[in-house]
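Every number here is computed from the coordinates shown, using simple stated rules; none is lab data. Model, not experiment: these values are computed from the prediction. For neighbour counting, all protein chains shown are included, and Cβ atoms are generated from backbone atoms with ideal geometry for every residue, glycine included.
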Amino acid sequence: MSDMKRIRAPFDEATARSLRAGDRVLITGTIIAARDAAHKRLVETLARGEELPVDLDGAVIYYVGPSPAKPGRAIGAAGPTTAGRMDAYTPTLLAQGLRGMIGKGYRKPEVVEAMKRHGMPYLAAVGGAGALISQRIKKYTVLAYP
């Protein structure tokens, strides 16, 4: 695994811009889990001029809908969900300093352009690997929008 890039979340723009298509990346640190309903609420909060319940500056969001945790585990299966569901909200959140997104699937051209402008990578997680991914999650805490 010597060709693996190791980064810690949250991270800065220079780290984000250092990533290239095809890089294998190991991310440690704090990652925010959120799907389309949470994205919608975040954007609505901003539209009302209110402060977000989470700091997105340098943050990484994993598009995940975890299953319930088994006893002794922090989280159940944690596979990626389709990123396109978040496309309507992504440019607004990028403007808040979001530095990375983890999901699966296609992104609309306007989202790809916004990612380029903000120097923000889209990291693909392997669909079907939710049980394996969940073994690496040490703690899962609801920060907002249970």
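Taking the Cα centre of the chain as reference, the dipole from Cβ charges on Lys and Arg (+1) and Asp and Glu (-1) amounts to some 580 debye. Highest mean packing comes first when the peptides 73-85, 128-140 are listed by Cβ atoms within 10 Å, giving 73-85, 128-140.
Among DSSP beta bridges whose residues both lie in the chain, state the antiparallel percentage, nearest 5. Spell out each step's value before the answer.
On the way: 1 of 16 bridges.
In the chain, DSSP labels about 5 percent of beta bridges as antiparallel.
Here's how it looks for Ala9: its modeled amide H is under 5 Å from those of Thr28, Gly29, Thr30, which are all 5 or more places away or on a different chain. Over the chain, DSSP H runs of length four or greater, each weighted -39,500 (n - 2.57), average out per residue to a 222 nm ellipticity of -7000 deg cm²/dmol. Counted by Cβ distance under 15 Å from Leu42, the other residues give a net charge of -2, where Lys and Arg count +1 and Asp and Glu count -1.
Do the alpha carbons of any pairs in Lys5/Lys70; Lys108/Lys138; Lys70/Lys139; Lys116/Lys139; Lys40/Lys108 sit beyond 25 Å of each other, and which pairs? Don't skip to the answer; put the middle values down first.
Working: Lys5/Lys70 31 Å; Lys108/Lys138 32 Å; Lys70/Lys139 13 Å; Lys116/Lys139 31 Å; Lys40/Lys108 17 Å.
Those over the limit are Lys5/Lys70; Lys108/Lys138; Lys116/Lys139.
Which GluC sites (Glu not before Pro) in segment 1-110 sit in a loop by DSSP (not H, G, I, E or B) and have at most 12 other Cβ atoms within 10 Å of their own Cβ? Passing sites in segment 1-110 are Glu50, Glu51. The residues neighbouring Pro10, those whose beta-carbon lies less than 12 Å from its own, together hold a net charge of -2 under the Lys/Arg +1, Asp/Glu -1 convention. Contact order, relative form, for segment 62-128: 33 percent (alpha carbon pairs under 8 Å, 6 or more residues apart, mean separation divided by residue count).
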